[in-house]
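The values are calculated or read from the model by the stated rules, or taken from the named source; none is laboratory data. Because the structure is a prediction, the values reported are computed rather than measured. In this analysis, Cβ positions are derived from the backbone assuming ideal geometry, glycine residues included, and neighbour counts consider all displayed protein chains. Note: areas computed on protein heavy atoms with side chains; ligands, DNA, RNA excluded. Shrake-Rupley method; radii C 1.70, N 1.55, O 1.52, S 1.80 Å.
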Amino acid sequence: GAGVSQSPSNKVTEKGKDVELRCDPISGHTALYWYRQSLGQGLEFLIYFQGNSAPDKSGLPSDRFSAERTGGSVSTLTIQRTQQEDSAVYLCASSPGIQYYEQYFGPGTRLTVT
Amino acid sequence: DQQVKQNSPSLSVQEGRISILNCDYTNSMFDYFLWYKKYPAEGPTFLISISSIKDKNEDGRFTVFLNKSAKHLSLHIVPSQPGDSAVYFCAASAYNYKYIFGTGTRLKVLA
């Protein structure tokens, strides 16, 4: 079956521009997570969704970051006024529910801010 | 403050030998631990997990050991195969969905 997909796979943008990153979770998975991995760092939790609601936004680095999920499926992570420190690989994962420990990851979006 | 640490950025092992990947943590509230494997240009894939009520979990060639008193876990791969060459991440959570990941160890299995 289809796994988690993310688009675009690569994005190069100029500092100050807005970007949108998309995640398509595995069909039927109610929980969706966003992480980012900066160079030489581990995966950093950003936000999670249970259905369409995001009970925990504590990992978002600043108010330039926002995310939404519609129809309990596709999620979009938006970064406004991008900065060079936003350059990273952004990973999305999904699971059947938050009570499931195993998360299924997409291939990631590599964001480069010039 | 790195709550989950993988102090070895890389490891090389001969094919057929044992690979031991280590992970240390600082938060005694962590109750569940996982190992993920990541190939280039792919997302991490789940490998094996262990609950804090256990000290060992085995799945085929992969065994995870947990030493709660030392706040240390390790992943053993026996025998190592060239296809095991990847970056391995350990992750921990404290009674919830939020996982703290280590920085990863790049394993290279030499044929």
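Quick one: would you say B:Ser28 is open to solvent by 10 Å² or more (accessible area, probe 1.4 Å), under 27 Å from A:Ala31 (Cβ atoms), away from chain A (no Cβ under 14 Å) and not hydrophobic (A, V, I, L, M, F, W, C)? Lay out the reasoning, then the answer.
Numbers: open to solvent by 10 Å² or more (accessible area, probe 1.4 Å): yes; under 27 Å from A:Ala31 (Cβ atoms): yes; away from chain A (no Cβ under 14 Å): yes; not hydrophobic (A, V, I, L, M, F, W, C): yes.
So B:Ser28 fits the description; yes.
Give B:Ser74, B:Ser80 a once-over and let me know the one that is assigned to a loop (DSSP other than H, G, I, E, B) and of a type in the set (Ser, Thr, Tyr). Outline the logic, then answer.
On the way: B:Ser74 fails: assigned to a loop (DSSP other than H, G, I, E, B).
Every option except B:Ser80 fails the conditions.
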(message) I'm told A:Asn10 meets every condition in (1) over 24 Å from B:Thr103 (Cβ atoms); (2) in contact (Cβ under 8 Å) with a residue 12 or more places away in the chain except one. Can you identify the failing condition by its number?
(response) (1)
(request) Just need a number here: residues in region A:90-114 that are open to solvent by 20 Å² or more (accessible area, probe 1.4 Å), in a strand (DSSP E or B) and more than 21 Å from B:Tyr97 (Cβ to Cβ). (result) 2
(message) Quick check on A:Arg110: is it over 14 Å from the mean Cα position of the chain (by Cα) and at pLDDT 95 or above?
(response) no
(request) Tell me which residues, restricted to region B:29-57, are in contact (Cβ under 8 Å) with a residue 40 or more places away in the chain and among the basic types (Lys, Arg). (result) B:Lys37, B:Lys38
(request) Taking only region A:35-89 into account, find how many residues are closer than 19 Å to A:Ser7 by Cβ and assigned to a strand (DSSP E or B). (result) 18
(request) Could you check, for region B:89-105, whether at least one of its residues is free of Cβ contacts under 8 Å to residues at least 12 places away in the same chain, closer than 22 Å to A:Leu91 by Cβ, part of a loop (DSSP other than H, G, I, E, B) and hydroxyl-bearing (Ser, Thr, Tyr)? (result) yes
(message) Looking at region A:42-76 only, could you name the residues that are farther than 28 Å from B:Gly104 by Cα, of a type in the set (S, T, N, Q) and touching a residue at least 40 places away in the same chain (Cβ under 8 Å)?
(response) A:Ser73
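Could you tell me whether B:Phe65 is under 16 Å from the mean Cα position of the chain (by Cα), under 30 Å from A:Pro55 (Cα atoms), open to solvent by 10 Å² or more (accessible area, probe 1.4 Å) and not polar (S, T, N, Q)? So that I can check it myself, show each step before the final result.
Working: under 16 Å from the mean Cα position of the chain (by Cα): yes; under 30 Å from A:Pro55 (Cα atoms): no; open to solvent by 10 Å² or more (accessible area, probe 1.4 Å): yes; not polar (S, T, N, Q): yes.
So B:Phe65 fails the test.
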(message) Among (1) farther than 30 Å from A:Ser5 by Cβ; (2) modelled with pLDDT under 95, there is one condition B:Pro40 misses while meeting the rest; what is its number?
(response) (1)
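Given the criterion at pLDDT 90 or above and within 24 Å of B:Lys38 (Cα to Cα), identify the matching residue among A:Leu39, A:Leu32.
On the way: A:Leu39 fails: at pLDDT 90 or above.
The conditions single out A:Leu32.
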(request) Please give the number of the condition A:Ile47 fails out of (1) open to solvent by 20 Å² or more (accessible area, probe 1.4 Å); (2) under 29 Å from B:Ser51 (Cβ atoms). (result) (1)
